[in-house]
Each structure stands twice: as C-alpha cells, then as structure tokens.
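Worksheet: one structure, shown below.
Derivation of every value follows stated rules applied to the coordinates shown; laboratory data play no part. Computed from a predicted model, the values in this text were never measured in an experiment. As a convention, Cβ positions derive from the backbone with ideal geometry for all residues, glycine included, and neighbour counts pool all protein chains shown.
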Amino acid sequence: MTANAVVGKPWASHATGILAGLTSGGTFLLGAIYFTRVIGAPATPALVLAVIVLGTQISQVVFVDVLAVDQAGPPLSVIDLFAQELPFLIIAVLGVGMFMRRTATEVVVRLGVTRPAWWQVTLGLAAGGVFVAFSVGIASLSHAWTPDVAHRVDVTTEHVFGGLTNPVGIVALAVLPAICEEILFRGALQPRLGLVITALLFASIHTQYSISFDTLTIFILALGLGLIRKYTNTTTSAIAHATNNLIAGIGITGQVLGFAIAAEVVLVAVTAYALWSFRSRVAITPSNP
C-alpha cells in the first residue's frame, strides 16, 4: 500500500526503503527476543506465522477479486496440490524445532501424531460425514440467500479443482490437505494459539471461497477439527479432514446416499458406545486397588 501511494514521488525510494528497513528490523528484533527468551520461546514462531498468514490472506481477499483470479488461472493438478500443501508440513516441523530443540520423535509427539485407538478412527470417519452434511446444509442456505455469490464460488471451485476429478486426484485432494494442514494448524499452532485463532487462520487460507457462507463453513469445520484434536490427537482430526474431503470429492447421490446415511448412523453409534464404555470403565476403576 505504501509503495503504491508514493509511486511517482521523488522520495518514493526513500519511503519504500524505510518501510523495508522497519519490517526487516522488526523481524530481527523478534528473532532476538526469541533467542534471549524475553518472551515465551515456544509461542514466538507460532505468533510470527499467524501474523504473516492472517495479514497476507485478509489483504488478498479485501484488495483482490480472488474468485476472478482463480477462474483465470489453470486448474490444479496433483503436482500443484502437492507443491501447495508440502510447505505447510515443512513449516510445521521446522516451527516446532525439528533438529534444533527437538528430536524427530519429540516433534512427532509435540505435533500430536500418534497411532489412534480404534474408536478414534470411527470418530474421525463419523465426524467427516457430519462435516459433509453440515456443509451441504450451509450451501443450501448460501444458494437461497446469496445466490450470486454462491454461483461464483461454485464456478470457481469447479474450475480450480476440475483437474482433480479422477481417482488419483480425489485421493490426493483427500489425503494431502488432511495430513499437511492438520499437522500445521491442529498439530503445531493450536496448542500455542488456541482453538478459535487457529480456526480463523485455517479459514483464511481458503481464499478460493472469498467472503461467503462457504468461508463461514470452513471456520466452523475448523472448530470441529480443533475440538477433535484437543480431546484426541492430530491423527484423528486428519482422518476426519480426509473423510470430509473424500466424500465431497466423490459426491454422494441417489441410492448411495441411503447407504452413506446408514453407515454414518452406525459409525456415530459405535463411537458413542465406545466413549460411553470408556467413561464407565474410568468411573468404576477403584482409586486404591
């Protein structure tokens, strides 16, 4: 904004130089604070990343017609998706101190990546189905209340992900974001920034929905994923994320819809029973055996 404001002015180079100097200087000071432990070291990388991500994404949505830009670009390929998601994973493992203050095993533990219990798998699968049902409901409201915006979002979404409608693309769209995004947002950031701020950051990276009901849907789903991470682990939230993306990518209609609903009911029932059984065992366990 500063650079655009001073275009053509004789002192433009000085203004942009000062701005760049202040930015780099502030970054340097923040790094110095981190290394001197003036403020909590574990929170600093997360805070820096949060400011950068949120500021960049909000600026993009406010000042750029992201829907038009996305429609003008080529559809995503599997390689594009991989290149888009891999940085999230890299930032996550480096941000928690991989090979600097944590070993690989300690990083895995810190990120909440663990082997899930069987009921956590059913929980993730059931949550993914609930997320899809919720998304469909909000999409119906969006088409009813804001039809023009909803239509533009649909066109953009179909264009951006149109190259991922084959089996390999659908699986990639389910697995890659689930792993990379969950490890960064729910695994690395949420323990430091909390549930709501992390959900806000997660919603902000989905600029293909611009300002719409779909963005609100992403935010609410992020809260759900965050709650799963809080009470279980990142692996379970990744299962829920992957399930949601897989069902959305396949699309369920007709007779398959009835089977999917029945399967969802079974998964919810099994998970509920497992949770009830676990709580019952904990309640009756004597404190002094």
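Find which of F63, S204, L227 sits farthest along the positive direction of the dipole of the stretch 34-278, computed with +1 on the beta-carbon of Lys and Arg, -1 on that of Asp and Glu, about the Cα centre.
L227
For a quick size check, give me the Cα extents of the stretch 34-278 along its three principal axes, largest first, whole Å.
Projected onto the principal axes, the Cα atoms of the stretch 34-278 cover 58, 52, 32 Å.
Which whole-Hz couplings ³J(HN,Hα) result when phi for each residue of the stretch 240-248 is put into the Karplus expression 6.51 cos²θ - 1.76 cosθ + 1.60, θ = phi - 60°, listed in order with x for Gly and Pro?
So the Karplus estimates, Gly and Pro as x, are 4, 4, 5, 4, 4, 5, 5, 5, 5 Hz.
Report the extension gain between A15 and A68 in nm, rounded to one decimal, defined as 0.36 nm multiplied by the number of residues separating them, less their alpha carbon distance.
Fully extending the segment from A15 to A68 adds 15.9 nm.
Remind me, relative contact order of the stretch 34-278 in percent, using alpha carbon pairs under 8 angstrom and six or more residues apart? Each step should come with its number before you reach the end.
Values: 283 pairs, mean separation 81.6, N = 245.
It comes to 33 percent, rounded to a whole number.
So what J values fall out for the stretch 62-73 if you push phi through Karplus, 6.51 cos²θ - 1.76 cosθ + 1.60 with θ = phi - 60°, rounded to Hz, Gly and Pro as x?
Listing the rounded values in order: 6, 9, 10, 7, 5, 5, 5, 5, 5, 5, 7, x Hz.
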